[in-house]
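Student: Just dropping this structure here.
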Amino acid sequence: MSSPSTNQSLFERAQRSIPGGVNSPVRAFRQVGGVPRFIERAEGPYLFDSEGRRYIDYIGSWGPMIAGHAHPEVVSAVQQAATRSLSFGAPTADEIDIAEALRDLLPAVEMVRLVSSGTEAAMSALRLARGFTGRDAIVKFEGCYHGHADSLLVKAGSGLLTFGNPSSAGVPADVAAHTLVLEYNNIPQIEELFASRGSQIACVIVEPIAGNMNFVRGDRAWHARLRELCTAHGALLVWDEVMTGFRVALGGAQQLYGIRPDLVVLGKVIGGGMPLAAFGGRAEIMQCLSPLGAVYQAGTLSGNPVAVAAGMAQLRIVRRPGFYTALAAATAGLMQGLEQAAARHGVPLCTDCEGGMFGLYFASARPRCYADVARADLGAFKAFFHAMLSRGVYLAPSMYEAGFVSSSHDPAVLQATLQAADEAFAEIARPSA
Ligand code: HOZ
């Protein structure tokens, strides 16, 4: 009889057939060390690993699981859709429903196209911006991550920061040369760039609240200036709301800031945990896409019926009255409790959050850009991460990732998290013998 699989044995086996044992780098636990948990199933706020251990989940599949895992309405929608076939490669009425829902809910979206991943959506939005403006240069911000298309893997966040190498090998210098990288929240820098090269810039792409260098809020004044400069110079403003869309508010960050980008990139929550993403925006720009216009973009699985069914079911849940008020209150209460627990044990910690998305910084002030995040105490983060994991709380295994709360994190779950945190802070504050 074969022995039961442990996380360790699965990790060893995985590394023989999958690079690093994982299908996405941050999952490998390299920044924090130790053995990744191999997940067998999840329900509500809980993950269960291959050894049968239960964890309170604050990753939520990196954002999508806003209603908790295996929500019965989402699961049932998927089951029903699956009986009608897994893919058609042809248009469906359900695609129109979700396109109309996205248009109704997001001020900047007049037309939208569905794709399968955030990377694909961001890459397509860039091509569209370049095709629409006839310009090549793009502007992004250090620490923002927009998926792994070549043009966007320059001083990017998420896994690239986690492994201390913010640009990827394999990106031709000629391609990277068109990507201009500036500091997040720095108004003089963007003003200077537009003054010198404004007529060459196709678009400025930005995470309105960055979630791939921990959680860093874009200043209102900076966002307003980006909008003004793009308009004045004929460049497009592209907001990457893959994380913030339907996460920080029903209308995303564009609702919170009251700013209308020209294009929006979406993913995560809109798929309910299935591979569904989208990009949308002003009709005049979207109509440049093939078959109407000259910008080509396509996909066999785009608008996949099972993914669309999951996404629609989850959107129905988040549209219910009070959903975001309760989610934001739960998240804010958790952050307050964590700061209080850290203070009780003399551990420098500050937090920030919006809707169901949060950041934890082992630092004395909230970060405003990548350099601030990088100055946080990595040793304290690692110690806290493991102290929480050993108490059954699963945080992102990198201090460059945001955290996520779902509507299934009820008061008892939040209280259990704070109890674990109290013990964890006591453990990491204890002077070593
Ligand atoms: N880069 C993703 C989060 N920022 C991680 C995705 C994953 O590992 O699933």
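The values are calculated or read from the model by the stated rules, or taken from the named source; none is laboratory data. These numbers were taken from a predicted model, which means no experiment stands behind them. In this analysis, Cβ positions are derived from the backbone assuming ideal geometry, glycine residues included, and neighbour counts consider all displayed protein chains. SASA here: full protein model, heavy atoms, side chains in, ligands and nucleic acids out. Shrake-Rupley method; radii C 1.70, N 1.55, O 1.52, S 1.80 Å.
Student: Taking the Cα centroid of the range 226-276 and of the range 88-154, what is the distance between the two, rounded to the nearest whole Å?
Tutor: What the calculation gives is 10 Å, centre to centre.
Student: Around Ala277, which amide H atoms from residues at least 5 apart in sequence, or from another chain, sit under 5 Å from its own amide H, with H modelled in the peptide plane?
Tutor: HN-HN under 5 Å from Ala277: Val115, Ser116, Ser117.
Student: Return the ratio Rg/(2.2 N^0.38 Å) for the range 314-367, where Rg is computed over Cα atoms only.
Tutor: Compared with the compact-globule rule of thumb, the range 314-367 sits at 1.36.
Student: Right, next: Counting only DSSP beta bridges with both residues in the chain, what percent are antiparallel, rounded to the nearest 5?
Tutor: In the chain, approximately 60 percent of DSSP beta bridges are antiparallel ones.
Student: Compute the signed sum of charges (Lys and Arg +1, Asp and Glu -1) over the other residues within less than 13 Å, Cβ to Cβ, of Leu126.
Tutor: -1
Student: Gap in Å between the Cα centre of the range 191-222 and the Cα centre of the range 305-345?
Tutor: 27
Student: Local charge sum around Gly299 (other residues, Cβ-Cβ under 15 Å, Lys/Arg +1, Asp/Glu -1)?
Tutor: With Lys, Arg at +1 and Asp, Glu at -1, the net is 0.
Student: Can you give the Rg and Dmax of the chain based on its C-alpha atoms, in angstrom?
Tutor: When restricted to the Cα atoms of the chain, Rg and Dmax are 21.3, 71 Å.
Student: In sequence order, what are the phi-derived ³J(HN,Hα) couplings for the range 15-28 according to the Karplus relation 6.51 cos²θ - 1.76 cosθ + 1.60 with θ = phi - 60°, rounded to whole Hz, with x for glycine and proline?
Tutor: Working through the residues one at a time gives 5, 7, 10, 10, x, x, x, 9, 9, 7, x, 4, 4, 6 Hz.
Student: Continuing with the same structure: Could you report the range 270-323's accessible area per residue, 1.4 Å probe, as an integer in Å²?
Tutor: The answer is 40 Å² per residue.
Student: With N denoting the number of residues in the range 182-252, provide Rg(C-alpha) divided by 2.2 N^0.38 Å, to two decimal places.
Tutor: 1.12
Student: While we're here: Subtract the Cα-Cα distance of Ser85 and Glu43 from 0.36 nm times their separation in residues, and report this length gain in nm to one decimal.
Tutor: In short, 12.6 nm is gained.
Student: Here is a further query. Assign one of three labels to the range 39-153, namely rounded, prolate or oblate, based on the Cα gyration tensor with a ≥ b ≥ c the square roots of its eigenvalues; rounded applies when a/c is under 1.5, prolate when it is not and a/b is larger than b/c, and oblate otherwise.
Tutor: oblate
Student: To continue, here is another question. Starting from the amide H of Val139, placed 1.01 Å from N in the peptide plane, find each other amide H under 5 Å away whose residue is 5 or more places distant or on another chain.
Tutor: Residues meeting the amide H criterion: Leu180, Cys203, Val204, Ile205.
Student: Hey, another quick one. What is the percent carbon and sulfur in the accessible area of the range 248-384, measuring with a 1.4 Å probe over the protein chains and ignoring ligands?
Tutor: 55
Student: Also: Suppose every Lys and Arg Cβ carries +1 and every Asp and Glu Cβ carries -1, with no other charges. What dipole size does the chain come out with about its Cα centre, to the nearest 20 debye?
Tutor: The dipole of the chain has a size of about 280 debye.
Student: Another one. Using only the alpha carbon atoms of the range 338-433, find the Kirkwood hydrodynamic radius as the inverse mean reciprocal pair distance, in angstroms to one decimal.
Tutor: 13.8
Student: Can you give me the long-range amide H partners of Met111? Hydrogens built in the peptide plane at 1.01 Å from N, cutoff under 5 Å, separation of 5 or more residues or another chain.
Tutor: Gly281, Ala283
Student: Still on this model: Find out how many positive minus negative residues lie around Gly337, taking Lys and Arg as positive, Asp and Glu as negative, among other residues whose Cβ is under 12 Å from that of Gly337.
Tutor: Within the 12 Å Cβ shell, the charges total -1.
Student: Just to check I understand the Karplus step: with θ = phi - 60° and J = 6.51 cos²θ - 1.76 cosθ + 1.60, what whole-Hz values come out for the range 123-135, glycine and proline as x?
Tutor: 4, 6, 5, 5, 4, 5, 4, 5, x, 5, 8, x, 10
Student: Let me make sure I get this right: for the range 139-216, a, b and c are the square roots of the gyration tensor eigenvalues over alpha carbons, sorted descending. Under 1.5 in a/c it's rounded, otherwise prolate if a/b > b/c, else oblate. Which is it?
Tutor: Judged from the Cα gyration tensor, the range 139-216 comes out oblate (a/c at least 1.5, b/c at or above a/b).
Student: Same structure, new question: In deg cm²/dmol and to the nearest 500, what is the mean residue ellipticity at 222 nm of the chain if only DSSP H runs of at least 4 residues count, each as -39500 (n - 2.57), divided by the residue total?
Tutor: One gets -11500 deg cm²/dmol as the mean residue ellipticity at 222 nm.
Student: Compare Ser117, Ser364, Ser199 by solvent-accessible area with a 1.4 Å probe and give them largest first, with all protein chains kept in place.
Tutor: Ser364, Ser199, Ser117
Student: Can you run phi through the Karplus equation (6.51, -1.76, 1.60; θ = phi - 60°) for the range 312-322 and list ³J(HN,Hα) in whole Hz, with x for Gly and Pro?
Tutor: Taking θ as phi minus 60°, the curve returns 4, 4, 6, 4, 4, 5, 6, 7, 5, x, x Hz for the range 312-322.
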